[in-house]
Amino acid sequence: MNPAASLNAGTLAATPHWFPHLLDPATERVLLVEKAEADYRDSAFLDERSLKPGAARHGVEWWHLAAAFPPAARRDAQYIFHIGHVGSTLISRLLGELPAILSLREPLILRTFAEMLGQRGQAEALWDPESIPGRLDLLTALLSRTFRREQRVLVKATSFVSEAAADLVPAGSRALLLYARPERYIETILAGPNSRQELAMTARDRLKRLHRAAGAERWRLWELGEGERVAMAWAAEMASLVRAAQALPAGSAMWLDFDDFLADPAASLGALADFFGVELDRAGAEHLAADPLMRRYSKAAEYEYSRELREQVLAEARRDQAGTIASGQRWLESAAAGCAPVAAALERASASTGADPAANR
């Protein structure tokens, strides 16, 4: 099938059979990749790791795609935004087990949009600011397609995409804002070599983002130890979620602490289904909470990673990294005293109800 030949017929608008895998903002070309529904279900990330050898691919002009999406095309995707390492993949997979939800996890094209939106209005930006509403409209239409009419798309974004949340969530849609309290986040990052390596690779960008939120350059990266860098990363990501909640329409965002989710998964899943407009009774929620996914590592399901194992790993981090964890907590307290976004992030984290996820809306 040649997508370019079928744009006028609207075939592309009817189904996510052709997924917009990659957008090159310099050439304005999109790489479409053929995917079955099972491919979406199986993919932890819709980036280069999701590409199957032999999958059909076609490159098309970005604006050529627009002809395939009439005004009546669906534009109702909903979102999960998060701070990273807080169970977003697990929750996306669990909700994706419901027939009414098609879960898309971390589409690469969203990262491109977040980067371009971050450059909006700058002299070096590739996109004319006046073109951005049309681009967002087409992106929303592309991501809102489902295999069946009764489905609705739930997009789990990459963590740094949260800065663009207010632009990405279409009118009438909702967004989950998923986080962990700072002490739990610091323990989680320090508990594994992969997360610590990721921290080292992303520290520069996160500090830039926190400085943008603060409106001034307040800290020097080379002066921050590992514990302080983890705390800074938490503050940067959490500040993005706080700004998203402030910018989104009232009632369209729901906060959820991942530890509160784990304390009563069935209640949390029921509240999430209700929030996203999906029918799920108590028996169905309990059945979903007992799914084998709850005992697997969501990003690589071949590995076991139960709640009990997680607690064991975090306890080891508390024991082995006590000094580093304490330095991170001290940094947050000091930073909050002179930085409103950090103070707001800590205030939001302390507001967790721990009992009723619905109360965090």
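The values are calculated or read from the model by the stated rules, or taken from the named source; none is laboratory data. All values reported here derive from a predicted model rather than from experimental measurement. Positions of Cβ are generated from backbone atoms using ideal geometry, with glycine treated the same way; all protein chains shown enter the neighbour counts. Just so you know, the surface numbers come from the protein's heavy atoms only, side chains and all, with ligands and any DNA or RNA stripped out. Shrake-Rupley method; radii C 1.70, N 1.55, O 1.52, S 1.80 Å.
Of note:
- Shown here for the stretch 59-160: GluC sites (Glu not before Pro) in loop regions (DSSP other than H, G, I, E, B) with at most 12 other Cβ atoms within 10 Å, namely Glu124, Glu150.
- For the chain, the dipole from Cβ point charges (+1 on Lys and Arg, -1 on Asp and Glu) about the Cα centre works out to 320 debye, to the nearest 20.
- Compactness relative to 2.2 N^0.38 Å, alpha carbon Rg of the stretch 126-169: 1.34
- Maximal additional length on extending the Gln329-Glu198 stretch stands at 45.2 nm, based on 0.36 nm per residue less the C-alpha distance.
- The stretch 21-116 - accessible surface per residue (Å², probe 1.4 Å): 37
- Compared with the dominant principal axis of the Cα atoms in the chain, helix 226-247 is inclined by about 50°.
- Phi angles of the stretch 250-257 translate, via the Karplus equation with coefficients 6.51, -1.76, 1.60 and θ = phi - 60°, into HN-Hα couplings of 4, x, 9, 10, 10, 8, 8, 7 Hz per residue; Gly and Pro are given as x.
- For the stretch 167-214 versus the stretch 264-289, the gap between their alpha-carbon centres in whole angstrom: 26
- Computed from Cα atoms, the angle from the helix 265-275 axis to the main principal axis of the chain rounds to 50 degrees.
- Share of alpha-carbon pairs per 10 Å distance bin for the stretch 27-73, given as whole %: 21, 42, 34, 3
- Given charges at Cβ of Lys, Arg, Asp, Glu: the stretch 81-213 dipole, positive-most of Met201, Ala175, Thr89: Thr89
- Spread of Cα-to-Cα distances over 5 Å intervals beginning at zero, given as percent, for the stretch 190-330: 2, 8, 13, 15, 16, 16, 15, 10, 4, 1, 0
- Sparse packing (at most 10 other Cβ atoms within 10 Å of the Cβ) combined with a DSSP loop state is found for the following GluC sites (Glu not before Pro) in the stretch 245-336: Glu279, Glu302.
- Among the trypsin sites (Lys or Arg not before Pro) found in the stretch 220-294, those both in a DSSP coil and sparsely packed, with 13 or fewer other Cβ atoms within 10 Å of their Cβ, are Arg220.
- Subtracting the Cα-Cα distance of His64 and Thr11 from 0.36 nm times their residue separation leaves 17.7 nm of extension gain.
- Ellipticity at 222 nm from helices only: DSSP H runs of n ≥ 4 in the chain, each -39500 (n - 2.57), divided by the residue count, give -14500 deg cm²/dmol.
- Cα-based reach from Lys299 at 20 Å (exclusive), listing lysines while leaving out same-chain residues under 8 positions away: Lys35, Lys52, Lys156
- Angle between the chain longest axis and helix 307-320 axis [Cα atoms, degrees, rounded to 10]: 50
- Considering the chain, its Cα convex hull presents a mean projected area of 18.1 nm².
- In percent, rounded to a whole number, the relative contact order of the stretch 15-122 is 31, using alpha-carbon pairs under 8 Å and six or more apart.
- Given +1 at the Cβ of Lys and Arg, -1 at the Cβ of Asp and Glu and no other charges, the dipole of the stretch 275-337 around its Cα centre is 260 debye to the nearest 20.
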